[in-house]
Amino acid sequence: MPEATKKRHTDEEMITIRLRVHRNNASKIKEFAETVEAGGERNYTVAEVFPEYVGNDKQVAIRAYRYRENLTQRQVAELTGIPQRHISEMENGKRVIGKEMAKRLSKVLKADYKMFL
């Protein structure tokens with residue numbers, strides 16, 4: 001009795017992807033796609049992608065690690081014992097991140113505490 005088989009995936013198969021991106025990022029997305037298609041790799045710095053955050057490394061780090069761990073501010077607050085509004089203020093540069101706070105955040109966000117200082 002013949003077995004059902006799946007169609008083999010071939011490298012020549014192409015798909016179309018439609019994206020909505022900000023006009024300022026369109027050339028970067030196109031360049032990245034062309035690099036990937038050519039088999040290369042292109043890395044972007046934070047400054048290239050988010051120029052508005054240059055100089056705000058600590059705030060960006062908290063938000064980035066929080067997103068990486070798929071946590072909300074409220075969840076980070078519950079896990080660290082730091083009030084949610086304080087986390088928001090730290091992410092927005094309105095509150096200083098002390099060494100003790102940085103250590104608490106680093107445990108939950110799985111990062112070196114020095115990233116937040």
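Bear in mind that the values in this text are calculations on the coordinates, not laboratory data. Predicted model only: the values in this text are computed from it and were never measured. Neighbour counts run over all protein chains shown; Cβ positions are idealised from the backbone, glycine included.
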Looking at this model, which pairs from K28/K110; K58/K99; K58/K110 are more than 20 angstrom apart at the alpha-carbon?
K28/K110
In whole Hz, what ³J(HN,Hα) sequence does the range 22-34 give by Karplus (6.51, -1.76, 1.60; θ = phi - 60°), x for Gly and Pro?
5, 3, 5, 9, 4, 5, 5, 5, 4, 4, 4, 4, 5
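Given C-alpha coordinates of the range 65-104, what is the ratio Rg to Rh with the Kirkwood estimate of Rh? Write down the numbers at each step before the final one.
Values: Rg = 9.5 Å, Rh = 10.2 Å.
Reported Rg/Rh, Kirkwood definition of Rh: 0.93.
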Given charges of +1 on the Cβ of Lys and Arg and -1 on the Cβ of Asp and Glu, with all other atoms neutral, how large is the dipole of the range 48-116 about its Cα centre, in debye to the nearest 20?
300 debye
So what is the relative contact order of the range 48-116, in percent, for Cα pairs below 8 Å that sit 6 or more residues apart?
35 percent
